[in-house]
């Protein structure tokens, strides 16, 4: 029993303890939540009012005006950041030629509206909602306008000395050195003053104080033609200009090129050309006038008579004689081919189916002479013949020339040319007087186109003196046998034969 009592007591004690524990428990959740809430509200309040104070009189966070970040700036700071309060002392205008013109802004009562506009924008800022600045970018814009006296500005602009240089187009010009392209010139003369005033006023209204009057401003006349447009043309024309054709006159040359050649062409803008034949002929005629020696008087030093002038005649055919028509045709062809010719001879007249060419001795040709020092000399007054080679006398004999009682038989003076030789040559002819001739010579040395030759006359018993006056030849030079043989054997074809009285 005693043990049972003990157990009951323990249980009773245990039950009493449980009852006491249940009675002492309290609920702290509500006060804690309320406290936290109060703390959060207090913190939020403190944060809000702190933010409110931080952005007091300032633009909110992430605020931009005309692209400039003005976050946290006062109005005055924003004005400075945007340079809205800056008013330059001068309006700088740069002309097309780089010359600068400074016009005082005070001269046209300039005033900007930027600071007033920024103040107006600031009025739209909701500082009570300052925290919205962290939610995204806020963009403000205003038009920076200026107030100024446009009439004063216009007068100042019109009074400036803008320049007087006229605009010029590029052009191509023929010079002694070829075709030269002269660049276009951009003038500085203002040709549209109204446009200049309009351009500058628009810039000033937009707050710009540096204005550049460019080519596209419409203020100036612009070149209508640039040098680049002549590039291909000048190259083509200079290709023609640089063609050269050189004529060889033995002792000198004549070169046709450059401006002289261009003058005889019909050119288009791209260097395509045709030859003006009339102008080409004019050039050939000038060559003939300068270099032809055929049918001209010649100074000559005679063996017995000294210095004389040998006059031309219709029978004497020595000298240089340009055949102008075919020479002109050849010139036109060479120019049309467009290739330079380093050396070419003019075409000279021909006769006897090309066997006789109207030329002289190349080696003897100079500006003053075409006989040289190798020639046959016939003194018709003294009836004597000489042959000189390189200035040295090689042969001498007496002769009988044409009978002077008849012009049909008279030997005419002049410079002839030895151009044909034959042996056993039969001379059969009738002259203007009706006289017939039929005789054969051993050595025939032809010096004309009309049948005059130097030949042996074995039927004669004497030569020289005045035989020619009453018993002369029919125009030929009668010689002893050995004389005509000497010429046949020793004198080259083409040698000049000088006959004079």
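Some points to look at:
- Inter-centroid distance (Cα atoms) of region 430-501 relative to region 295-334, Å: 23
- Short-range pairs are left out: with C-alpha atoms under 8 Å and at least six residues apart, the relative contact order of the chain is 9 percent.
- C-alpha long axis of helix 277-291 to longest principal axis of the chain, angle in °: 50
- Cβ-Cβ FRET estimate between residue 396 and residue 442, R0 fixed at 22 Å, reported to 0.05: 0.65
- Axis angle, to the nearest 10 degrees, between helix 324-337 and the longest C-alpha principal axis of the chain: 20 degrees.
- Multiplying the residue separation of residue 76 and residue 141 by 0.36 nm and removing their Cα-Cα distance gives an extension gain of 21.7 nm.
- Protection proxy ranking for 214-222, 315-323, using the average of other Cβ atoms within 10 Å per residue and placing the highest first: 315-323, 214-222.
- In plain terms, the chain from residue 432 to residue 303 could stretch by 43.1 nm, reckoned as 0.36 nm per residue minus the Cα-Cα distance.
- Cα point-scatterer Debye curve for region 80-167, base-10 log of I(q)/I(0) at q = 0.12, 0.13, 0.14, 0.17 Å⁻¹: -0.58, -0.63, -0.69, -0.84
- Treating r as the C-beta distance of residue 165 and residue 270 and R0 as 35 Å, the FRET efficiency rounds to 0.65.
- Candidate values (i) 59.6, 218; (ii) 26.7, 86; (iii) 30.8, 107, label of the one derived for Rg and Dmax of the Cα atoms in Å: (i)
- Residue-normalised convex hull volume from the C-alpha trace of region 273-425: 162 Å³ per residue.
- Cα long-axis angle, helix 231-241 against the chain (0 to 90 degrees, to the nearest 10): 10
- The mean sequence distance of close C-alpha pairs (under 8 Å, at least 6 residues apart), as a share of the length of region 375-500, puts its relative contact order at 35 percent.
- By the equivalent-ellipsoid construction on the alpha carbon gyration tensor, region 375-500 comes out with semi-axes of 21, 16, 14 Å, ordered largest to smallest.
All of the numbers you see were taken from the coordinates with simple rules; none came from a lab. Predicted model only: the values in this text are computed from it and were never measured. Cβ sites come from the backbone with ideal geometry, for glycine too, and all protein chains shown count toward neighbours.
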